[in-house]
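Notes follow once the structure below has been shown.
The values are calculated or read from the model by the stated rules, or taken from the named source; none is laboratory data. What you see is a predicted model; the values in this text were computed from it and never measured. Note: ideal-geometry Cβ built from the backbone for every residue, glycine included; neighbour counts use all protein chains shown.
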Amino acid sequence: MINPVRVTEMTGTDQEHIEGCLSGRPDEFGCLVTRYERAVFAYLRGRLRYPDRAQEAAQESFVRAFFNLAKLKKRDSFFPWLLGIARHVAREIDRRDQTDRKLSAEYVEQRHHLTEVRPRSRDEILEAAVSSLPPRLKEVILLRFYAGFSCLQISERLNLPLGTVTKRLSRAYARIRRRIEK
Amino acid sequence: MQGHMNEEQLTALAEGCLADQEKHVVEGHLQQCEWCRELLGRTDQVRLRLVANAADFDTPSIEEPVLGEIARRTQTGEHRVSSLGRWIAFLQEAWSSTALRAASVSAVVVCIAVVVGVFFYEPSHAWSLERSIAAVQGKRGVQFAGSLNINGSRVECQMWVRGRQGESRMQDMLLRAENGATIWVSGNATYFYLPPDPVVYKDDAQTAGFTHWPGAAFLELLKKVSRTAEVDYRLDLFAARRLVVLKAQLIDVGGPKSFVLEFDPNSKLLVSLKTWNNLDASGDPVFQADSVTYLDSPPDSLFQVELPNGVVYRERDLTVASETIGLLATTSSGLSLPGLSEAEASRKIVEAVYAAEINGDLAAFKQLAPLASLWDDEQLRTLLAGSDGQESIAELIEVGEPRVRGRSSLGPLIVVPAVVKHQDGRRYQHKLIVQVREAGRENFSCVVYGPYGVPYLQE
């Protein structure tokens, strides 16, 4: 099957880029952004629903990740760690939105209609299904389809046996299918 | 080949991850097995939908804005908070090295003190609980997102609490955990549903959530009745912000409790909360809210609960905190009423404890309800009358029928309802728990354990 997602530039491992950043070469962080931005954005769009919120959250997630790189003990776990940051940022944005508005569903809808038009072509059911997956299953789906990694590349990036990657993908498909068929 | 392929094999085939030999076997099976072909087809539909959705993405790269923002924060110094984290991480690494430990000990202490001093010395952000109290005036609801300790495991949950209109007491509460557990307060009852057990356990009082919804009155009360309340500061490196930390401990009828509440010094709002069932905040918190959102006026629909068909309702047995048994058993406390039944004695002691409260006789009150001796007189007055004095009792209207609702190691636990009039003129239904001691003997005695749930306004 041809994956239409542009193939992510795979030069250099995550560890190498992180070491580069910590050694005073912050531009190397750009490689990590390019590598994972679509996956993070896909996760946040499912979580926050609105593209402008997702974009804002994705940007903030990467910036925070950069300033906290030294705290990342397992350098080969950058993506799961980044998703954790994105989850926190999404929660904060949710909270901020709720705090500065009147609590009424109509108001929220009204507000978002004023600020943006949501594209009709989006598969929101699918995005919500992906967003609701357990973290380990979500990681492989995001990397496979939104970051454009092959199963072999995922196994290398996440330091997992290839069989584990296909097993997780299989479980993720089953969960998504059940959710969609509901 | 016998049987069917599993989904994992089919996924591996679809992803091109099977070795040639296994691929040959699986493809051979698929030619003969309609069931597996259908399963593969359904899996492919999901994959196609994912591919189509990913292709639909048309977002500009954020690489440039991210690097720009990093440069900006570095220049303006906003990243210092994170740098502090890195600095501390470095110090921790240094500390773990035996060779460095002795040499660096004084330097570490000095450096941390200096760094902390620089970051926290901002007098314009002086914080006080009063400011937080003012910040939540006018809000009537609050949403917590966090986790709950259920039988030693952490379960993510969300909880919504709504205050009564114009009052500090809680009106509704709904807690939903990711494992399906649901706890809610509706009217003067509390319900506990823990699937897969198809039973909803009911307390006929408000026994979950907050005695006062976490608005201004709750904070005011916390300030007044806490055994200790200390204010500290913490850097939330993750969110790149400074937080004010309030640590408080108290003992209530549910036993010892400690709280850690964190406030955003800018908005003055509560942003996180942890509670423990001990006084030193040790171990895993029983409840932890990582996110707290205040709401102006939560709608009724937020508190509606739908249950699966076939669920049955049962009354929940009453228990008391084991830490309180020692105080309840003290011989100098309680009443012995020879010749009366346990139910009659329970009514009498309830009448006596209300008389003590109305007359302001706190010594008598503590003798009848020994757990009250955990507070000093001022704290006890606040607990009884509310932070604004409006909840103090002016008159005992009637005492209802006692009911045995459980047992402790000392004997039966009897709930006695009563209707009282508060100073503000409103009538409330109270329920008190009476502990019968040495039941079955002629010389049994009883003490008041404490309230069963919170006072409930009679419309």
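A few points about this structure:
- Pairs with Cβ under 7 Å, 6+ apart, first in the stretch B:256-283 and within 14 Å of chain A (Cβ to nearest Cβ) and in contact (Cβ under 8 Å) with a residue 40 or more places away in the chain, second surrounded by fewer than 20 Cβ atoms within 10 Å (Cβ to Cβ) and of a type in the set (Ser, Thr, Tyr): none
- Residue match in the stretch B:38-45 (condition: within 7 Å of chain A (Cβ to nearest Cβ), out of contact with any Cys (no Cβ under 6 Å at 6 or more places or on another chain) and either without any contact (Cβ under 8 Å) to a residue 12 or more places away in the chain or at negative phi (or both)): yes
- Flag not set for B:Ser409, criterion: surrounded by fewer than 17 Cβ atoms within 10 Å (Cβ to Cβ) and in contact with a Phe, Trp or Tyr (Cβ under 9 Å, 6 or more places away or on another chain).
- Among residues of the stretch A:60-79, those that are surrounded by 20 or more Cβ atoms within 10 Å (Cβ to Cβ) and in contact with an Asp or Glu (Cβ under 7 Å, 6 or more places away or on another chain), counted: 3
- Scanning the stretch B:233-289 for residues that are part of a loop (DSSP other than H, G, I, E, B), more than 21 Å from B:Val155 (Cα to Cα) and either at pLDDT 80 or above or not hydroxyl-bearing (Ser, Thr, Tyr) (or both) yields a count of 13.
- Which listed residue, of B:Leu432, B:Leu396, is in contact with a strand residue (DSSP E or B) (Cβ under 9 Å, 6 or more places away or on another chain), surrounded by fewer than 21 Cβ atoms within 10 Å (Cβ to Cβ) and not assigned by TED's automatic domain parsing to the domain that holds B:Asp203: B:Leu396
- Every residue from the stretch A:60-80 that is more than 7 Å from chain B (Cβ to nearest Cβ) and in a helix (DSSP H, G or I): A:Glu60, A:Ser61, A:Ala65, A:Leu69, A:Arg75, A:Asp76, A:Ser77, A:Phe78, A:Phe79, A:Pro80
- Flag for A:Leu83 being within 8 Å of another protein chain (Cβ to nearest Cβ) and either modelled with pLDDT under 85 or assigned to a helix (DSSP H, G or I) (or both): no
- Selection status of B:Leu302, within 14 Å of another protein chain (Cβ to nearest Cβ) and within 26 Å of A:Ile85 (Cα to Cα): no
- Residue, farthest from the other protein chains (Cβ to nearest Cβ), within the stretch B:1-37, restricted to residues that are free of Cβ contacts under 8 Å to residues at least 24 places away in the same chain and among the hydrophobic types (A, V, I, L, M, F, W, C): B:Val26
- Of residues in the stretch A:124-169 being within 20 Å of A:Ala86 (Cα to Cα) and of a type in the set (S, T, N, Q), the one farthest from the other protein chains (Cβ to nearest Cβ): A:Ser131
- Leading residue by the ranking (surrounded by the fewest Cβ atoms within 10 Å (Cβ to Cβ)) among those in the stretch B:270-300 that are of a type in the set (Gly, Ala, Ser) and within 11 Å of the chain's Cα centre (by Cα): B:Ser272
- A:Arg122 being charged (D, E, K, R) and at pLDDT 85 or above: no
- Within the stretch B:411-451, being in contact (Cβ under 8 Å) with a residue 60 or more places away in the chain and at positive phi holds for one residue alone: B:Gly450.
- Considering the conditions (1) within 27 Å of B:Ala329 (Cβ to Cβ); (2) touching a Phe, Trp or Tyr at 6+ places or on another chain (Cβ under 6 Å); (3) among the polar types (S, T, N, Q), B:Asn443 is excluded by exactly one of them, (2).
- Here B:Ser83 passes the criteria (1) at pLDDT below 85; (2) surrounded by fewer than 15 Cβ atoms within 10 Å (Cβ to Cβ) except the one numbered (2).
- Within the stretch A:172-182, being touching a Leu at 6+ places or on another chain (Cβ under 9 Å), crowded, with 18+ Cβ neighbours inside 10 Å and facing another protein chain (nearest Cβ under 8 Å) holds for A:Tyr173, A:Ile176.
- Of the residues making up the stretch B:304-333, those that are buried (at least 17 other Cβ atoms within 10 Å of the Cβ) and either under 16 Å from B:Tyr193 (Cα atoms) or in contact with a helix residue (DSSP H, G or I) (Cβ under 7 Å, 6 or more places away or on another chain) (or both) are B:Arg316, B:Thr324, B:Leu327, B:Leu328, B:Ser333.
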